[in-house]
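One structure is given below, encoded as structure tokens.
The values are calculated or read from the model by the stated rules, or taken from the named source; none is laboratory data. Remember, predicted model here, so these are calculated numbers, not experimental data. For neighbour counting, all protein chains shown are included, and Cβ atoms are generated from backbone atoms with ideal geometry for every residue, glycine included. Ligands, DNA and RNA are excluded from the accessible area calculation, which covers all protein heavy atoms including side chains. Shrake-Rupley method; radii C 1.70, N 1.55, O 1.52, S 1.80 Å.
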Amino acid sequence: MTDHSTPLVKLENVNKHFGALHVLKDINLTVSRGEVLVVIGPSGGGKSTLCRAINRLETIDGGQIVFDGRPLPAEGKALAALRSEVGMVFQSFNLFAHKTIRENVTLGPVKVRGIARDKANARAMELLERVGIAAQADKYPAQLSGGQQQRVAIARALAMDPKMILFDEPTSALDPEMVQEVLDVMVALARDGMTMVVVTHEMGFARKAANRVVFMAEGQIVEESTPDEFFTNARTERAKDFLSKILTH
Amino acid sequence: MDELITYGPQLLEGFLENIKLSLVAGVFALIVGTLLVAMRVSPTPVLRAAGTVYVNVVRNTPLTLVLAFSALGLSDTLGLVFSGVPRTNSFWIVSLGLGAYTAAFVCEALRSGINTVPTGQAEAARAIGLTFFQTLTLIILPQAFRAVVAPLGSVFIAMIKNTTVATAGGLLTESAANMKEIFDTTGASIPIFLGIVAGFMILTMPIGFFTGWLSQRLAVVR
């Protein structure tokens, strides 16, 4: 089992505004090594912003975020170095459209890590094998289905050997029949001990793979507990209301 | 028709000069235009401002003035001399003047190309740890170039035709200057005039067809 005791990410009193909108209100949160943290809640509640703040795709106005013992660098080479250690999987995949699947996966290792191309290629094929896309390595992203593209995006993140991976609604843009193939890969990753922060509406995934569930609404963390506890016995009215709306069907 | 045959060699020599000017100015414009667009999208406000000022000043100044400034201001007054031979010096002054002018248009074409690249591409690039410069050169510009191959073709067609105002920069050896010189001695000649029109169409039309074909071939499928 992975050691869950040392925090990898620590958010302290994090605040963020979009103009007049207060999207993150005094967020305090830690993510331990090897932990799978699922963030759920209504749209516009600040989940994605929280996720994107951890690798500083969103800047914050107040408080601080500590990753692996160091505060997030503000910019430049140090920030790029930090981002290379934090994988990110986006809702809209964001595969590099002018590069093949293989090139998408090798770009980071070659250009950021300076790994030799043949070595990076071999590793890319290994990862593509693992997510079940090896046969498509020489195609371009637009030639793949959404589910396949998202699995490539996961392989691209894994190729950097990240200390954690952020998932920002990874299945929200997928056709229903493709959701499962992506979740399967994510569950396997969680089993392998990858540290993951997952913003999602997939309650099945949360139950199956999460160590902890954080419920966010109106920019605040409203409730934080184990998946079992949260789904069967939510403490706050806001969470009960949310769950009643999504679990009735 | 006789005049065209008599003066044909002189006109062809002039065309060769137009082609040489276009090649040097074209390469220079591509390089400077790419640097300018990098400045215009950079996170550094000073660079952004400098790029914006350059494009707006140069793009809105008539080319004849740009070339006259290059020859009189840069070369004669400030002493920017490429060669002791006046004709060679004028060639370089005009090439670089025309290139600097065209660069502003290349920059703006590329900038519209950058706007066709979804922001998610840059986010994904930054998320794997690429620097701003790497993101620009590996992810954004390659896609931007592909999106604007056809408009860039138009920019270069305009540039080739603009080589005919080289006189303003003191270069009197290109085909339009030759034509004027011939007209001054023999009187206006429709065959010579049409010959020059045909000459430019032979230079520019393939560029239009080629860039049109290339833009389809290189299009990034999303």
**Complete:** Counting only backbone N atoms under 18 Å from a point 7 Å out along Cα-to-Cβ of B:N115, the residues of the stretch B:198-222 in range are none
**Complete:** Two pseudo-spin positions, 7 Å from Cα along C-beta at A:E126 and at B:V53, lie apart in nanometres by 5.3 nm
**Message:** For a quick check: with amide H placed at 1.01 Å from N, whose amide H comes under 5 Å from A:A217's, ignoring anything fewer than 5 positions away on the same chain?
**Reply:** A:V222
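Can you bin the stretch B:121-222 into rounded, prolate or oblate? Criterion: square roots of the alpha carbon gyration tensor eigenvalues sorted a ≥ b ≥ c, rounded for a/c under 1.5, prolate for a/b above b/c, oblate for the rest. Numbers along the way, then the final one.
Numbers: a/c = 7.38, a/b = 2.64, b/c = 2.80.
Here the stretch B:121-222 falls in the oblate category.
What do you get for GluC sites (Glu not before Pro) in the stretch B:11-111 restricted to DSSP loop and a cutoff of at most 16 other Cβ within 10 Å of the site's Cβ? List each step's numbers first, then the result.
Values: sites: B:E13, B:E17, B:E108; in loops: none.
For GluC sites (Glu not before Pro) across the stretch B:11-111 that sit outside H, G, I, E and B with at most 16 neighbouring Cβ atoms in 10 Å, the list is empty.
What whole-number volume per residue, in cubic angstrom, does the convex hull of the C-alpha atoms of chain B give?
On the way: hull volume 29.4 nm³, N = 222.
Convex hull volume per residue, Cα atoms: 132 Å³.
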**Asked** Can you give me the Cα centroid spacing of the stretch A:191-216 and the stretch B:158-197 in angstrom?
**Response** 73 Å
**Fill in**
When chain A is treated as a Gaussian network with springs between alpha carbons less than 10 Å apart, the largest mean-square fluctuation among A:D175, A:D26, A:D228 is found at A:D175
**Request:** Could you tell me whether the stretch A:153-202 comes out rounded, prolate or oblate from its Cα gyration tensor? Rule is a ≥ b ≥ c as square roots of the eigenvalues, rounded for a/c under 1.5, then prolate if a/b exceeds b/c, otherwise oblate.
**Result:** prolate
**Request:** Kindly express, to the nearest 10 degrees and within the range 0 to 90, the angle between helix B:149-162's C-alpha long axis and the longest C-alpha principal axis of chain B.
**Result:** 30 degrees
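Using only alpha carbons, build the gyration tensor for the stretch A:9-245 and give me the equivalent ellipsoid semi-axes, biggest first, whole Å. Kindly include the intermediate steps, with their values, before the conclusion.
Numbers: eigenvalues 177, 92, 46 Å².
Gyration-tensor ellipsoid for the stretch A:9-245: 30, 21, 15 Å.
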**Complete:** Expressed in nanometres to one decimal, the distance between label points 7 Å along Cα→Cβ at A:E229 and A:N15 is 2.9 nm
**Item:** Descending semi-axes in whole angstrom, ellipsoid equivalent of the stretch A:1-145, from the Cα gyration tensor
**Value:** 31, 18, 16
**Request:** Within the stretch B:1-40, which residues have the backbone N less than 20 Å from the label spot 7 Å out from B:S83 along Cα→beta-carbon, could you tell me?
**Result:** B:10-29
**Asked** For the protein assembly as shown, taking Cα atoms only, what is the radius of gyration to one decimal and the Dmax to the nearest whole Å?
**Response** 29.8, 101
**Message:** Checking an interface number: how much accessible area is buried between A and B, summed over both chains, with a 1.4 Å probe, in Å² rounded to 100?
**Reply:** 1800 Å²
**Accessible-area order (highest first, 1.4 angstrom probe) of the listed residues A:K99, A:K111** = A:K111, A:K99
**Asked** lysines within cross-link reach of B:K20: Cα-Cα under 30 Å, excluding same-chain residues under 8 positions apart?
**Response** B:K161, B:K180
**Prompt:** For a paramagnetic label modelled at 7 Å from the Cα of B:W213 toward its Cβ, which residues of the stretch B:132-173 fall within the zone defined by backbone nitrogen distances under 12 Å?
**Reply:** none
**Complete:** Taking chain A and counting helices only, DSSP H stretches of n ≥ 4 at -39,500 (n - 2.57) each over all residues, the nearest-500 ellipticity at 222 nm comes to -11500 deg cm²/dmol
**Message:** Along the Cα→Cβ direction, 7 angstrom out, place labels at B:K161 and A:R191. What is the inter-label distance in nm?
**Reply:** 6.7 nm
**Asked** Can you tell which of A:Q149, A:Q91, A:Q180 shows the greatest fluctuation in a Gaussian network model of chain A with Cα springs below 10 Å?
**Response** A:Q180
**Prompt:** Accessible area per residue of the protein assembly as shown at 1.4 Å probe, in Å²?
**Reply:** 46 Å²
**Asked** With respect to the cross-link table entries A:K99/A:K139; A:K77/A:K99; A:K25/A:K240, which display a Cα-Cα separation exceeding 19 Å?
**Response** A:K77/A:K99; A:K25/A:K240
